[in-house]
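The values are calculated or read from the model by the stated rules, or taken from the named source; none is laboratory data. Values in this document were obtained by computation on a predicted structure and should not be read as measured data. Ideal geometry is used to build each Cβ from the backbone, glycine not excepted, and the neighbour counts take in all protein chains shown. Surface accessibility is based on the protein's heavy atoms, side chains included, excluding ligands, DNA and RNA. Shrake-Rupley method; radii C 1.70, N 1.55, O 1.52, S 1.80 Å.
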Amino acid sequence: MYKFTEITEENKAPVSTGLLARMQEDILTGEMRPGEKIIEQKLCEKYGASRTPVREALKQLEADGLVEYILNRGYFVIGMSDRDFEDMFDLRKACEIQAVKWAIERITEEEMERLEETFEFMEFYTMRSDTEKMLVINAGFHQIIYEASKNRMLQKLLTSLQSYLKYKSPEVVQQDNYLTTVLEEHRAIFKAFMDEDPREGGRAMEIHINRAKERRCG
């Protein structure tokens, strides 16, 4: 089972957050291929780092299930299969459904104002056909829901899942109706907050994550 790690100020030492993030990205995007033997010296040269932070990063990547250490042979890349990514989407769906239900019940007035403002930005950038900004605002919309759930463990897990899933093939954004489709999915979620309806919020979130999985995984 994968152990997803959220990099924070509390847990970043002695691992360099920048180094760990770059190594994660190279593994998850396939630049470091599954089965590939990891040569520490080459990593040091590639990332401009000394052996100590590279070794600490490898230990963290091993804990995350992205590399494995074989006695007397060294580290090897495990990476993520298509099945792994699909399973992560299913896990994210279950967690997001619960998060949105709790968030609707527990959201503060200040958080609700932020959610409304964020949704208005989504409308604005959809009207401007600005996909890049829309994707950033989209992630922010979900982060507010995670925070409003008032469950730190769930928030950490969902944040980590998002950070891993972003390396899966990007959503099919070339479709003419992509932005309006995503906006309407979020409109249904936002309406559930306005109506204070956790059940409808869960249903709207389930539809959104299912469609996001289809756009990413086919």
Which listed pairs, of K133/K191; K37/K166; K93/K133; K37/K133; K46/K156; K156/K213, have C-alpha distances above 27 Å, in listed order: K37/K133; K46/K156
Folded to 0 to 90 degrees: helix 109-127 orientation relative to the chain principal axis, Cα: 90
Principal-axis tilt of helix 82-106 within the chain, Cα atoms, nearest 10 degrees: 40
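Using a Förster radius of 35 Å, what is the FRET efficiency between Q41 and K166 based on their Cβ-Cβ separation? Nearest 0.05, please. Before the final figure, lay out the partial values.
Working: r = 30 Å, r/R0 = 0.85.
Here the calculated transfer efficiency is 0.75.
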Potential lengthening between E105 and I207 on full extension [0.36 nm per residue; Cα-Cα distance subtracted]: 34.7 nm
Rounded to the nearest 20 debye, dipole of the chain from Cβ charges on Lys, Arg, Asp, Glu: 980
Cα long-axis angle, helix 178-194 against the chain (0 to 90 degrees, to the nearest 10): 70
Candidate values [x] 8, 30, 31, 21, 9, 1, 0; [y] 8, 28, 25, 12, 7, 6, 5, 5, 3, 1, 0; [z] 8, 32, 34, 17, 6, 2, 1, 0, label of the one derived for P(r) over Cα pairs in 10 Å bins from 0, in percent: [x]
Residue list for the stretch 177-196, given a label point 7 angstrom along the Cα-to-Cβ vector of E113 and an amide N cut-off under 20 Å: 190-191, 193-196
Helical contribution to [θ] at 222 nm, DSSP H n ≥ 4, -39,500 (n - 2.57), averaged over the chain, rounded to 500: -22500 deg cm²/dmol
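Where only protein heavy atoms count, and the probe is 1.4 Å, what is the accessible area per residue for the chain in Å²? Present the calculation step by step, with values, prior to reporting the outcome.
Details: 12120 Å² over 218 residues.
Dividing the accessible area of the chain by its residue count gives 56 Å².
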